[in-house]
């Protein structure tokens with residue numbers, strides 16, 4: 001069969017993809033070849049076409065700031081109807097995005113604490129950006145489906161990310177021989193609640209404050225995030241101390257990078273809501 005894929009075909013292959021993804025995240029064995037063979041009979045598409053469509057789904061999930069199957073490298077220039085099919089599947093399976101379900105499939109809190117040290121890499125820049133057409137597709141999807149808002153609402157994900165960074169800071173100071181400073185680290189957002197403009201009070205090895213705001217996603221390193229006016233204000237007031245730690249790929253293999261003020265040097269800030277006062 002040639003021509004555009006129907007909604008029914010897209011729905012079938014998206015469901016098949018998520019079945020494999022659930023197995024992959026959980027570490028259960030599965031056969032991509034067997035999944036492909038069974039799909040051929042269901043949707044009347046050849047093996048190569050199915051294989052490439054699976055790669056398209058990886059690209060869509062990347063744009064949505066979600067995990068994807070590593071064996072299916074994201075392939076771009078996909079049709080909008082495929083994005084709609086992925087979103088339909090997510091709407092029909094809200095537990096997939098539910099904090100408890102995703103945290104159960106991902107690394108356990110105890111495992112995160114045991115790993116302790118995070119991989120801290122360079123932040124996204126123009127020099128390490130993907131090709132413009134790929135970045136454009138990712139940006140359009142992220143804005144249309146408000147990926148940043150979804151991550152911001154996921155409090156379990158945010159809490160787990162803060163706990164992971166807390167363990168990293170503690171381990172880093174211990175490794176530097178600063179047990180005294182490690183014992184003084186404070187999980188501010190957990191003890192005092194939100195409002196300080198940062199989540200964790202840690203320290204550099206010389207004793208200087210590190211005011212750390214943590215932003216966590218299961219998506220790739222360029223997944224957009226929300227930041228509050230108060231966080232921006234504290235970043236400006238405490239430029240030498242404030243840090244934003246961006247955790248990404250959290251459900252698989254957490255990685256991170258740091259951003260220092262001014263944030264406008266690293267990201268474009270866009271107002272997403274306004275306060276309306278009566279005249």
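The values are calculated or read from the model by the stated rules, or taken from the named source; none is laboratory data. Since the structure is predicted, the reported quantities are computational estimates derived from the model, not experimental observations. Here the Cβ positions follow ideal geometry from the backbone for every residue, glycine too, while neighbour counts run over all protein chains shown.
Residue count for region 263-275, restricted to those that are assigned to a helix (DSSP H, G or I) and surrounded by fewer than 10 Cβ atoms within 10 Å (Cβ to Cβ): 2.
Can you tell me which residue is nearest to residue 189 (Cα to Cα) among those in region 112-153 that are touching a strand residue (DSSP E or B) at 6+ places or on another chain (Cβ under 9 Å) and at pLDDT 85 or above? Per the criteria, the residue is 118. Being in contact with a helix residue (DSSP H, G or I) (Cβ under 7 Å, 6 or more places away or on another chain), at negative phi and in a loop (DSSP other than H, G, I, E, B) is the filter here, so list the residues in region 189-204 that pass it. Of everything in region 189-204, those that are in contact with a helix residue (DSSP H, G or I) (Cβ under 7 Å, 6 or more places away or on another chain), at negative phi and in a loop (DSSP other than H, G, I, E, B) turn out to be 196, 198, 199.
Condition check ((1) within 21 Å of the chain's Cα centre (by Cα); (2) at pLDDT 95 or above; (3) under 24 Å from residue 253 (Cα atoms)) across all residues:
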| position | (1), (2), (3) |
| --- | --- |
| 16 | no, yes, yes |
| 24 | yes, no, yes |
| 29 | no, yes, yes |
| 65 | yes, no, yes |
| 87 | yes, no, no |
| 100 | yes, no, yes |
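Conditions tested, residue by residue: (1) more than 16 Å from the chain's Cα centre (by Cα); (2) exposed (fewer than 15 other Cβ atoms within 10 Å of the Cβ); (3) not assigned by TED's automatic domain parsing to the domain that holds residue 210.
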{"residue": "235", "(1), (2), (3)": "yes, no, no"}
{"residue": "241", "(1), (2), (3)": "yes, no, no"}
{"residue": "256", "(1), (2), (3)": "no, no, no"}
{"residue": "261", "(1), (2), (3)": "yes, no, no"}
{"residue": "277", "(1), (2), (3)": "yes, yes, yes"}
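At least 1 residues that are free of Cβ contacts under 8 Å to residues at least 12 places away in the same chain, assigned by TED's automatic domain parsing to the domain that holds residue 219 and within 25 Å of residue 141 (Cα to Cα) in each: list the helices (runs of 4 or more DSSP H) lying fully within region 1-96 that qualify. I'd like the intermediate steps shown before the answer.
Values: elements: 7-26, 32-43, 47-63, 80-92.
In region 1-96, no matching helices (runs of 4 or more DSSP H) lie anywhere.
Being in the same structural domain as residue 211 (by TED's automatic domain parsing), part of a helix (DSSP H, G or I) and closer than 19 Å to residue 221 by Cα is the requirement here; does residue 181 meet it?
When the stated conditions are applied, residue 181 does not pass them.
Please verify whether residue 213 is in contact with a strand residue (DSSP E or B) (Cβ under 6 Å, 6 or more places away or on another chain), buried (at least 17 other Cβ atoms within 10 Å of the Cβ) and assigned to a helix (DSSP H, G or I), treating the condition exactly as stated. No. Filtering region 230-261 to residues that are touching a residue at least 60 places away in the same chain (Cβ under 8 Å) and in a strand (DSSP E or B) leaves 245, 246, 247, 255, 256, 257, 258, 259.
Looking at region 151-178, which of the residues that are in a loop (DSSP other than H, G, I, E, B) and free of Cβ contacts under 8 Å to residues at least 40 places away in the same chain is farthest from residue 210 (Cα to Cα)? I'd like the intermediate steps shown before the answer.
Initial filter on region 151-178 (in a loop (DSSP other than H, G, I, E, B)): 154, 176-178.
Of the ones still in play, those that are also free of Cβ contacts under 8 Å to residues at least 40 places away in the same chain are 176-178.
Working: 176: 15, 177: 17, 178: 14 Å.
In this case the residue turns out to be 177.
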